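Each reported figure results from applying straightforward, stated rules to the coordinates on display, with no laboratory input. Predicted, not measured: the structure shown is a model, and the values here were computed from it. Here the Cβ positions follow ideal geometry from the backbone for every residue, glycine too, while neighbour counts run over all protein chains shown.
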Amino acid sequence: MSLETEDLLRDLSQNAESVCRHYLPAGRREGSYWMVGDLQNNPGRSLFVRLTGPTSGPGARGKWTDSATLEFGDLLDIIRERTGITRFPDLLAEARVHLGRPQPVLPDANSPRSRKSPSGTPEAASRLFAASVSLTGSLAETYLRSRGITQTVPSGTLRFHPKCWHRDEGQTKSVPRPALIAAVTDGAGALQGVHRTWLAPDGQDKAAVDTPRRAMGHLLGNAVRIAPADQTLVLGEGIETMLSVREAAPSLPVWAALSSGHLGAVLLPDGLQRLYIAIDRDPAGQRAAERLTARATEAGMSVRVLEPRLGDFNDDLRAHGVEAIRQHLAKQIDLEDQHRLTI
């Protein structure tokens, strides 16, 4: 085992509960263990993951045993089972994403991509985005309004699909549901994936399903670019979160990384001078912000963390209104960007 892999496993074990909450959400913590039914994330108590102890050796945190099948393994085995990833380098990349680590530099950006799965490719994402329509007058627009978001978003970033296929884990048949579709693009502006938020029939909330949000395509290093960066960029996790920041400061460039893991891996544009990280108030978001801060600072950028009053900036928007967010942001951003808070 390489030193890099050993270090990654050690970092995963130190964040064992975060890994379990993300990949085995049907379980729950009971004392020093995460308890769940099995590796397929069924409810129950047969499989237990140790959350405390040393990072390696006997009794190490992150080790798991299924008392029903007598299977056992480590956190990489859990990630492999839950994602379906078969190639070990891709498995390590997924682990880095969860931990908010940057990805290693690839030898040649123009070299052919590794083998793709039959679905979830950028090509499939492009077809879905091309089949989607403008937000105007759609259930997706209704959904955003219900979240307090009123600013117009370019159709190259967000669209609506009236019948986007959805299937929860364990279901055998897909069901068409209305969905908000977001473009995930790379630094050159090429579409590399999409993010889907399935909606309730009236558009007032997300669909009442186990997994109302999913992404497809190549996400590592990429983002939902709601507005192009200049010398300044605000980067955060959720689409609604970053649209809420944009409500208060329409001229601030904002991107959504889609998760805390992807937040730490986004490739920052050349020429960026000031980076604001709009965090969610949870441990995973704070860890990702710390890693991104270290990477951006090393690249010579000025970095500030923007903290919401509540869980995230959309919570703030719905609870306190846009003017309260504007005043809250004014206390946190650089003088050079204060003018962007003026409507």
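For region 219-296, what's the relative contact order in percent, using C-alpha pairs closer than 8 Å and at least 6 residues apart?
On the way: 138 pairs, mean separation 28.2, N = 78.
So the answer I get is 36 percent.
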Open item on the list: What aspartates and glutamates does Lys163 reach when the alpha-carbon gap must be under 17 Å and sequence neighbours fewer than 8 apart in one chain are set aside?
Closed with: Glu141, Asp202, Asp205
Task: Other-chain or far-sequence residues with amide H under 5 Å of Ala215's (modelled H) - done: Arg196
Task: Long-range HN-HN contacts of Arg177 with modeled amide H, under 5 Å - done: Cys164, Trp165, His166
Open item on the list: Can you tell me which of Ser244, Ser260, Ser56 moves the most in a GNM of the chain? Springs connect C-alpha atoms under 10 Å apart.
Closed with: Ser56
Open item on the list: Calculate the FRET efficiency for Ser155 and Lys206 from the Cβ-Cβ distance with a Förster distance of 22 Å, rounded to the nearest 0.05.
Closed with: 0.55
- [ ] Take the alpha carbon atoms of region 39-83, find their center, do the same for region 208-278, and report the distance between the two centers in whole angstrom.
- [x] 32 Å
Task: Estimated vicinal HN-Hα couplings, Hz - region 79-92 in sequence order (Karplus 6.51, -1.76, 1.60; Gly, Pro = x) - done: 4, 4, 5, 7, 9, x, 5, 10, 7, 4, x, 5, 5, 5
Task: Considering only the chain, percent of DSSP beta bridges that pair antiparallel, nearest 5 - done: 75 percent
- [ ] Return the single residue from Ala207, Ala223, Ala278 with maximal mean-square fluctuation; model: Gaussian network over the chain, springs between Cα atoms under 10 Å.
- [x] Ala207
Open item on the list: Over the chain, with a Gaussian network built from C-alpha contacts below 10 Å, which listed residue (Glu141, Glu323, Glu240) shows the highest mean-square fluctuation?
Closed with: Glu323
TODO: Among Thr211, Ala299, Ala248, pick out the residue whose Cα is farthest towards the positive end of the charge dipole of region 197-313, where Lys and Arg carry +1 and Asp and Glu carry -1 on C-beta, about the Cα centre.
DONE: Ala299
TODO: Assign unit charges at the C-beta atoms only (+1 for Lys and Arg, -1 for Asp and Glu), then state the dipole size of the chain relative to its Cα centre in Debye, rounded to the nearest 20.
DONE: 600 debye
Task: region 1-64: trypsin sites (Lys or Arg not before Pro) in DSSP loop, at most 14 other beta carbons within 10 Å - done: Arg45
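Calculate the dipole size of region 130-169 relative to its Cα centre from +1 charges on Lys and Arg beta carbons and -1 charges on Asp and Glu beta carbons; express the result in debye to the nearest 20. Before the final figure, lay out the partial values.
Details: 5 positive and 3 negative charges, 20 e Å.
Using only the charged Cβ atoms, the result is roughly 100 debye.
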TODO: Work from the charge dipole of the chain (Cβ charges, +1 for Lys and Arg, -1 for Asp and Glu, about the Cα centre) and give the residue of Gly187, Gly44, Gly59 farthest towards its positive end.
DONE: Gly44
Task: Relative contact order for the chain, counting Cα pairs under 8 Å that sit 6 or more residues apart, in percent - done: 12 percent
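Quick one: putting +1 on the C-beta of Lys and Arg, -1 on the C-beta of Asp and Glu, what dipole do you get for region 122-217 around its Cα centre, in Debye to the nearest 20?
Numbers: 12 positive and 8 negative charges, 26 e Å.
About 120 debye.
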